[in-house]
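The next block holds one structure in the form of structure tokens; read it before the comments.
Read the figures in this text as sums done on the coordinates, not as results from a lab. Because the structure is predicted, anything quoted here is derived from the model rather than measured.
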Amino acid sequence: MDVIEPNPFTFDVYVQDGPVAEQKTKVPKPLYQRDKKKIPKPVKVLLQRQSNPHKHIPKVKPPPPPPPTPPPPPPLPQALLETDEEEEEDDDRDTSFFSMDSRAKLMLLGLAIVDFTTYLSMSIIAPFFPKTANEKGMSNTMSGFVFSVYSLVMFLFCPVFGVILPKFGPKFVFLSGMFVSGCCSILFGFLEYAKSGVTFSVLCFVVRSFSALGAAAYTTATYAMVIDIFPDNIGTVFGVLETFVGLGMMVGPALGGALYQVGGFILPFVVVGAFIICICLPLNAYILPAYEGDLQNCTIDLAHLLYSTSSC
């Protein structure tokens, strides 16, 4: 009798004296269902995933949609593009003194000489006026006020001339101020012949105040004309003008002392006044351009200036 070996994976076979009788067929359970207590948890999870892989596939969220593409910016207007090009050209432009033409240099020279004479006439009385004032019976305190009234009047009236400048025109105000300042400078020299005491003190204040009034007029007009005549060289022009301001303050006392030593009290003021009226005034009347608002919108010569001043 043949003996059939049992298959341990499918069923159990029993051998009897008769034919082979199949008692019971047993289907083995999966390993993870046989004895759950004996299977480690990591192995159990792995077996479950192998038995049903579709069930244990992790859910992946779909990527978010890309943000919408922003629309392209609108093209810049042609005017703005031209402005940017002009600014680039301005950055590359030469603004030094040597880039000016000959006429611009001549106008700058005329304005610089005017600034020089302004502060020259302010400081020229420093060496000798206190001595003469004491001889005329003026105290040292009043003598100091005669010095300071020049700057005080300029401080008070420069804003006033800034307001009336557009009405009369910068050139007319400039030349009128020069004429008044030059005449008052000459007149101040003749105060040596005034009576001592209160008369001399009052006349010193009055003449000195009118001289400062003219200086305030043409100083304010100078700054207005600089911006209009030298739009590309403003920094250079103001640097040159301030240099001549310091030069006038420096030269004034030395020149005043020398002229007083030569010709007495009257000579320094006559020299400065004649220089303003005979040289600075005609030079600037010729080279400075006419402005809208100037009297008859034309170049004002000395005779026209005298007529306009007397008619006012």
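Tabulated data
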quantity: Between segment 214-228 and segment 143-161, the Cα center-to-center distance that results, in Å; calculated: 16 Å
quantity: Value of Rg/Rh across segment 201-255 [Cα atoms, Kirkwood radius]; calculated: 1.11
quantity: Net length gained if the chain between Asp232 and Ser151 were fully extended (0.36 nm per residue, minus Cα distance); calculated: 26.1 nm
quantity: Descending semi-axes in Å of segment 108-189, equivalent ellipsoid built from Cα gyration tensor; calculated: 28, 15, 11
quantity: Whole-number D in µm²/s for segment 130-277 (Stokes-Einstein; Kirkwood sum over Cα pairs; 20 °C, 1.002 mPa s); calculated: 130 µm²/s
quantity: Segment 213-292 - Rg (one decimal) and Dmax (whole number), Cα, Å; calculated: 15.4, 46
quantity: Linear extension gain, Ser196 paired with Leu247, 0.36 nm per residue minus alpha-carbon span; calculated: 15.0 nm
